[in-house]
Structure formats: structure tokens, C-alpha cells
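The values are calculated or read from the model by the stated rules, or taken from the named source; none is laboratory data. Treat the numbers as computed from the prediction; the structure is a model and nothing was measured. Cβ sites come from the backbone with ideal geometry, for glycine too, and all protein chains shown count toward neighbours. With ligands, DNA and RNA removed, areas are computed over all heavy atoms of the protein, side chains included. Shrake-Rupley method; radii C 1.70, N 1.55, O 1.52, S 1.80 Å.
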Amino acid sequence: MSNRLNTTPNDMRAFWMPFTANRQFKKEPRLFVSAKDMYYKTHDGRTVLDGTAGLWCVNAGHCRPKITEAIQQQAGELDYAPAFQLGHPKAFELANRLIDIAPEGMSHVLYTNSGSESVETALKVALAYHRVKGNGSRFRLIGRERGYHGVNFGGISVGGIVANRKMFGTLLTGVDHMPHTHFPDKNAFTKGEPEHGGDIASELERIVTLHDASTIAAVIVEPVAGSTGVILPPKGYLKKLREICTKHGILLIFDEVITGFGRLGTPFAADYFGVKPDMITMAKGLTNGVIPMGAVFVTDEIHDAFMQGPEHMIEFFHGYTYSGNPIACAAALGTLDTYKDEGLLTRGTEMAPYWEEALHSLKDCPHVIDIRNIGLIGAIELKPIDGEPTKRAFSAFLKAYEKGLLIRTTGDIIALSPPLIIEKSHIDELVGRLRDVLVANA
């Protein structure tokens, strides 16, 4: 059998894997070789229930027919078309389809290739917008502690996860951070939005006072912070941020790379929380994780500010070789069709109560110090082993894989975000296996 067809590579040295303990992994590889709907198949023939939608992205489940067919057809029809001064029909069709499900006021789309690029794009738009409006002194960007906004320089600058920042020098200048919203002493085992901590949004006023509003271009937050371990916004928090930004002429960016496309039971978290940002970044669920693609929603006000001057001149000097790639657009259109046909953008509302009760039934498991949930997202926080942070959760990750369950861990937190096609029987299976893991991991 040729190496191309082998399911287990005979040499793993060349691939430097991302966000992975490479040496540990390559001693005992965990390889997926196929997938369908809610399940993966491993290289050694086992079935693994997907409790994380791949990496927060496979919202419609795996290998869905309309997405696969759309990609196959597009690859044989138009494989690539430049996006600079040229176009192709599906890029415009997709933008219109996205606007149809966008929060009110989100009326224009820029294409990227990942969530990280979406964040970079939104930050650049914010800075350029203020400049074209004659407010070039607005150069500061405000993020949040424990925020995750991808791994490019702009994203890790406004992000607040220490391990993602500490090796890369001074990063962008003019960046500040608001406090995070995780208050386990007051909000442990909360179901849905926490009651305590909404007033922490007023810290943004302190930052404005420190730097002066005339220097601040934008604030960027995840409505629900995912990669840091599912940190939920307390009641009223996001609305207060919106009020402060509006008051001081600061753009508000929602990073919805995780929360977009039905994760909370609404198309976007902006809908769920009833807060209108000025920009929304997205990726992951846009193509169901099948083809790399991201995008940024902007308002008419932002878009139209650039549409000045001679018509033959480029309005915004930014873009990517693969912006609006034809095959990525086809994948996204197939994904949107699947979401629409199966009602997946709102299905989380139906499933969330059962999901919530099932997760919180694990409260009595060993070392569980918090459980939190919103929509079809959940987190189980474990007490760290003294002197060995992250080890307890990582051990649970390995045991879960052995027992046929894929979970995600960050620090000593287990994060869960299953495909939106999940049924109650899958939830029972997931929670049952996770209970076995937590007991065995004691």
C-alpha cells in the first residue's frame, strides 16, 4: 500500500503541530481518518463522539451532503478567481446570503481566510475608519484579559491569554485591556448568564479616562469567551459596553468566530444578547470548518465612510489572495443551505434546556469546582493539581479520547460545544462518558 493511502503515517517528524504537545502526541498518536454527522473514526478503528464540533467549527455535523456536493461542483467549474479588481458570482451571492441572516444594520462583508485574519481585518478597518473620518488620533485598541482573538500580532495584542503573548515581544503599541468577567466565588454553577459582575463593564470608563476617548479607536470582545474556558458575560455587561462605546465614539467589535452561526440558538450572539456592535468577526461555522474562510460584517456607516474620492481609486488597501475564494464560497453557501433546511441556526434554543440540566448533573463528580453553560456551549472547571496546573484536565482529555469522546481543554477547564445536530440521546451519551472520565480521573 502506498504511503498516500496508509492511515497511520510512518514518520511524523516533519509536521510541527499547532497548540500541541508534539513530543507527547507523536509517542502515542491520536488520528482521525473519517467522520460522519456526530462521530469521528480513528486510525485504530474506534468511534469517537464529537463533543466540540471539531474545534468549535463543525456546527452542522460532519461530511454533510450539500456542503460536499457544493465543493465538488465548484472545484470542477471555477477553481480560483482573483479578488483584486475582479470577481466571481458566488462571492456576491454569499455576501447577500450572509447579510440576510446578519443582525440588523450589518450590511457589508469583507472576506478573510480564518478567524485570526478576520480580527486583523476588523482592527485595521477600525483604525482606518477613524482616519478617513478625520480622527487619526484614535489609534488605541482595547481588548480584555483572558480574551482570545486568534494568533496574529493584532489578535494576540488585544487578546489576553498570557501563554499566547509572552514569547512575542512588545506586540502592538497603544493597546489596553479591560478585566475579564470570570467570578467563580460569586457565580459558580450558574445556569446561563451570571447574575454578578455586570458592573465590571464600567472599567472601560476608567480606561477612557486614563487615555482620553479621543485616542481610542475600538473595543473588541468575545460575547462569550470560548478558548479561555467559556467565560460568560454577566447580565447587562455587553449592553453597558455598548453604551460606553457609543457615548465616546468608540467602535465596538464582537468577535463571533465561536458564537456565530447558531451556537447560542440565534444566528449570532449579537441577536441573543440584543446588542448591536459596529463590526462582527466570523469564521469557523461559516463553512462548517470544511474550507478555511472568515469574514467581517460592517455597518453602512463604516463602509460608506470609505466610499469617497475618485471612483477609480482603491478605497481600502487591504485584502488577501484568497479573499472570497470560489470553493470556499461554495462551501459556505452549502453550509448556509444546510443550516436553513434543518433549522440549525435556532435549534440551540430547543436543545439548550436539556443540555443545561445534563451538564449540571455532573456537579457531584470529583474535583468539579464549577459548571457553566449558555446555548450549546458548556464548561466544567476542575480543581488544579497542586503544583501541576493543566494536568488534571489534560488527563481527562486523554481518558475521554480512550472512552470514545472528544472534549477540549484549556487550563483545568473542559470546554464543550457539540455540533448543532446533537440529539438528546447524544447528550446522554456525552455526559455519561464524561462522568466515567471524571470519576476515573479522580
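Taking the alpha-carbon centroid of each part, what is the distance from segment 128-148 to segment 43-97 in angstrom?
32
In the set (i) 154; (ii) 174; (iii) 128, which value of volume of the Cα convex hull per residue in Å³ was calculated from the structure you see?
(i)
With every protein chain left in place, what is the accessible area per residue of the chain in square angstrom, probe 1.4 Å?
45
Applying a 10 Å radius around every beta-carbon, put 24-30, 381-387 in order of their mean neighbour count, most first. Mind showing how you got there, number by number?
Working: 24-30: 11.6, 381-387: 14.4.
Descending packing order for the listed peptides: 381-387, 24-30.
Within the accessible area of the chain, what % is carbon and sulfur when the probe is 1.4 Å and the other protein chains stay in place?
Numbers: 10750 of 19920 Å².
Reported share for carbon and sulfur atoms: 54 percent.
Which ³J(HN,Hα) values, rounded to whole Hz and listed in residue order, are derived for segment 349-362 from phi using the Karplus coefficients 6.51, -1.76 and 1.60 in 6.51 cos²θ - 1.76 cosθ + 1.60 with θ = phi - 60°, glycine and proline given as x?
Each residue of segment 349-362 in turn: 4, 5, 8, 4, x, 5, 4, 4, 5, 5, 4, 6, 5, 8 Hz.
Filter the chymotrypsin sites (Phe, Trp or Tyr not before Pro) in segment 305-352 down to the DSSP loop ones having no more than 10 other Cβ atoms within 10 Å, then list what survives. If you can, show how the numbers build up before the last one.
On the way: sites: Phe306, Phe316, Phe317, Tyr320, Tyr322, Tyr339; in loops: Phe316, Phe317, Tyr320, Tyr322.
Here the sparse-neighbourhood loop sites are Phe317.
May I ask you to evaluate 6.51 cos²θ - 1.76 cosθ + 1.60, the Karplus curve with θ = phi - 60°, for each residue of segment 136-141 and list the ³J(HN,Hα) values in order in whole Hz, giving x for glycine and proline?
x, 6, 7, 10, 7, 10
Convex hull over the Cα atoms of segment 318-423, averaged projected area in nm²?
Directional mean of the projected Cα hull area for segment 318-423 stands at 10.3 nm².
Given labels modelled 7 Å from the Cα in the Cβ direction, how far is it in nm from Arg46 to Thr321?
3.9
Output wanted: per-residue J couplings in Hz (rounded whole) for segment 122-129, from phi through Karplus 6.51 cos²θ - 1.76 cosθ + 1.60, θ = phi - 60°, x for Gly and Pro.
4, 5, 5, 4, 4, 5, 5, 4
For Cα pairs less than 8 Å apart in space and 6+ apart in sequence, what is the mean separation divided by the residue count of segment 42-147, i.e. the relative contact order in percent?
8
Ranked from highest to lowest mean number of other Cβ atoms within 10 Å per residue, what is the order of the peptides 67-80, 207-220? If you can, show how the numbers build up before the last one.
Values: 67-80: 15.2, 207-220: 18.4.
Taking the mean over residues of other Cβ atoms within 10 Å, the ranking is 207-220, 67-80.
Alpha carbon centre of segment 389-426 versus segment 226-295: separation in Å?
The two parts, judged by their Cα centres, are 24 Å apart.
Give the calculated FRET efficiency between Ala81 and Lys247 to the nearest 0.05, with a Förster radius of 41 Å applied to their Cβ-Cβ distance.
In this case the efficiency is close to 0.40.
Spin-label point model (7 Å from Cα, Cβ direction): what's the Asp11 to Asp341 distance in nm?
For Asp11 paired with Asp341, the spin-label model returns 4.3 nm.
Where both partners of a DSSP beta bridge lie in segment 135-265, what percent of those bridges are antiparallel, to the nearest 5?
Of those bridges, close to 10 percent are antiparallel.
Hey, what number do you get for the chain at 222 nm if only DSSP H runs of n ≥ 4 count, each worth -39500 (n - 2.57), divided across all residues, to the nearest 500? Walk me through the numbers before you get to the answer.
On the way: 16 runs with 164 residues, N = 442.
Using -39500 (n - 2.57) per qualifying helix, the result is -11000 deg cm²/dmol.
Please report the antiparallel percentage of the DSSP beta bridges confined to the chain, to the nearest 5. Display every interim value, and only then the final one.
On the way: 33 of 50 bridges.
Here the share of antiparallel DSSP bridges comes out near 65 percent.
Report the extension gain between Thr173 and Asp300 in nm, rounded to one decimal, defined as 0.36 nm multiplied by the number of residues separating them, less their alpha carbon distance.
Separation in residues times 0.36 nm, less the Cα-Cα distance, equals 42.8 nm.
Full extension from Lys363 to Ile385: what is 0.36 nm times the residue separation minus their Cα-Cα distance, to one decimal in nm?
Fully extending the segment from Lys363 to Ile385 adds 6.1 nm.
My understanding is that a pair violates if its Cα-Cα distance is over 25 Å; which of Lys235/Lys276; Lys66/Lys284; Lys90/Lys239; Lys36/Lys66; Lys186/Lys240; Lys166/Lys235 do that in this structure?
Lys90/Lys239; Lys166/Lys235
Pull up the cross-link candidates among the aspartates and glutamates for Lys424, meaning alpha carbon to alpha carbon under 18 Å and not fewer than 8 places away within one chain.
Asp37, Asp50, Glu342, Glu350, Glu356, Glu357
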